[in-house]
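Report on the following structure.
Bear in mind that the values in this text are calculations on the coordinates, not laboratory data. In this text the structure is predicted, and so the values were computed from the model without any measurement. A quick note on method: Cβ atoms are made from the backbone with ideal geometry, for glycine too, and the neighbour counts reach across all protein chains shown.
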Amino acid sequence: MADDTTDTKSSNQMWGGRFASGPDAIMEEINASIGFDKKLFAQDIRGSIAHATMLAHQGIISADDKDKIVHGLNTILSEIESGNFEFSRQLEDIHMNVEARLATLIGPAAGRLHTARSRNDQVALDFRLWVKEELEKTEQMLTGLIAAFLDRAEEHAESVMPGFTHLQTAQPVTFGHHCMAYVEMFGRDRARVRHAIEHLDESPIGAAALAGTGYPIDRHMTAKALGFREPTRNSIDTVSDRDFAIEFLSIAAIAGMHLSRLAEEIVIWSTPQFGFVRLSDAFSTGSSIMPQKKNPDAAELVRAKTGRINGSLVALLTIMKGLPLAYSKDMQEDKEQVFDAAESLELAIAAMTGMVRDMTVNTARMKAAAGSGYSTATDLADWLVREAGLPFRDAHHVTGRAVALAESKGCDLAELPLSDLQAIHADITDKVYDVLTVEASVASRKSFGGTAPSEVRRQIAFWRARN
Ligand code: ARG
């Protein structure tokens, strides 16, 4: 697709009636949005076909003109799709590029298409349609990511790993449980996406410039034709609202934050020091100087994309925050933010789904790490509460002394001889060793939502039924 065409100093053919001359070159440059809003061509044409059809149905234009318009618009659609359309910067945006081409194709009937509408409701329509499709795509992609996690969780419902708080070993958990934490996060993201689709499911077309129109239009008809639940209720709000774009960016920012935390974990887990997971060559890169290196670049880039998405959210919030009602040209700056964030989010979800399915999990490394750092100390304290009748606070103190002793001897809790443990508290018996293994620790945590393999399987079943 060629971008710009020739220069001319004549006034704009769409709105230039009261203008003696054309714009300064810099005016044209700052004003034009065709460079990015040409992405909306399919939505623009769909919207125009629905509008023209409604106009004819209401007797506002003739059936003959409508047929010409619809035929011309379909021709333009295939021209653009096949790359045979010349976009012009002088024509500012996608709306006027399409309409000008329509005039060339069908003559004066083209001039009737813009009856009872404005670019203000037209752009609100095109952009909503685009965001709606993007949300639907995001919903599907999140479903794919959740499915990948469910498979890995099932595979590793019993694989023990260290659970962390403050990135310090806390208590043993299962890798399946850890995977299911992400299923919860991406499940919430998907619920937000569905909610946002419901929110934006109102048709803006027919709000016209801001006040509605005197023509006897049928906004319910266009809403239905375009797949919206109903028309918007207030024409002023309709042309000045970009909440749907901001909601998309907010959802993208929250999902991006989740993806970034996961990316960070993959970066940490794949270090030789941790060695919990290994990404195959398909998801790693090498170093141009250090031959031994294998870097998790995809995870790092997912982490970075989140920064971009956050930037887009803040940009659009800032663009909108001071605008008086209704439309102002500032709002033209909404699209690039959303397009860029959508591209980043799609890439990040796709790369992450690939990595989750790709990574090899080193269960031996995870299990060894799970046992280090006195991760079963809480199990010892719980045993003292249960078997020796100690109040939890006292049990905590006794356990703390056992940990200090093990630390001074450079061994694990389970390696302390019984005589040492009994010197700390006389009621300890050799039964205590049963709870000091990581498997026993994990299996005991059967509380609802806990890390026991039986609970993890229950969580998996819950999500399988919803995915
Ligand atoms: N290109 C414009 C945009 O993206 C379309 C709406 C123009 N409306 C106007 N009143 N100048 O916002």
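The table below lists the values:
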quantity	calculated
Cα-Cα separations in the range 78-131 greater than 17 Å, expressed as whole percent	46 percent
Pairwise centroid distance, computed over Cα atoms, of the range 317-334 with the range 139-197, Å	38 Å
Rounded to 10°, Cα long-axis angle of helix 377-388 versus longest principal axis of the chain	50 degrees
Efficiency of FRET from Cβ geometry, Ala461 and Leu347, R₀ 41 Å, rounded to 0.05	0.85
Packing-based exposure ordering (other Cβ within 10 Å, fewest first) of Glu99, Glu333	Glu333, Glu99
Degrees separating the helix 175-200 axis from the principal Cα axis of the chain, which is the longest one	20 degrees
Under 13 Å, Cβ to Cβ, from Val403 - net charge with Lys/Arg +1 and Asp/Glu -1	-3
Rounded, prolate or oblate (a/c below 1.5 giving rounded, otherwise prolate when a/b exceeds b/c) for the range 148-189 by Cα gyration tensor	oblate
Packing rank of 225-234, 238-247, where each peptide gets the mean count of other beta carbons within 10 Å, highest leading	238-247, 225-234
Sequence-separation-based contact order of the range 197-348, relative, with Cα cut under 8 Å and 6+ spacing, percent	24 percent
Members of Lys39/Lys132; Lys132/Lys335; Lys39/Lys66; Lys38/Lys329; Lys38/Lys224 lying beyond 22 Å, as alpha-carbon distances in this model show	Lys39/Lys66; Lys38/Lys224
Rounded FRET efficiency, nearest 0.05, which uses the C-beta distance separating Arg233 from Ile289 and R0 of 51 Å	0.25
Partners for Lys294 among lysines (Cα-Cα distance below 28 Å; same-chain residues under 8 apart left out)	Lys305, Lys367
Sites matching chymotrypsin sites (Phe, Trp or Tyr not before Pro) across the range 9-88 that sit in DSSP coil, with at most 15 neighbouring C-beta atoms within 10 Å	Trp15, Phe19
Distance histogram for the chain (every C-alpha pair counted, 10 angstrom bins, percent rounded to whole numbers)	4, 16, 20, 18, 14, 11, 8, 5, 3, 1, 0
Cα gyration tensor shape for the range 1-146, rounded if a/c is under 1.5, else prolate or oblate	oblate
Calculated FRET value between Ala25 and Phe164, using beta carbons and R₀ = 60 Å, to 0.05	0.55
Overall Cα dimensions of the range 73-177, principal axis frame, Å, largest first	75, 27, 24
Length-normalised contact order of the chain in % [C-alpha pairs under 8 Å, at least 6 apart]	16 percent
Nearest 10 degrees, 0 to 90: helix 41-57 Cα axis against the chain principal axis	50 degrees
By average C-beta atoms within 10 angstrom, highest first, the peptides 348-355, 28-35	348-355, 28-35
Ranking of Glu136, Glu158 by count of other Cβ atoms within 10 Å, fewest first	Glu136, Glu158
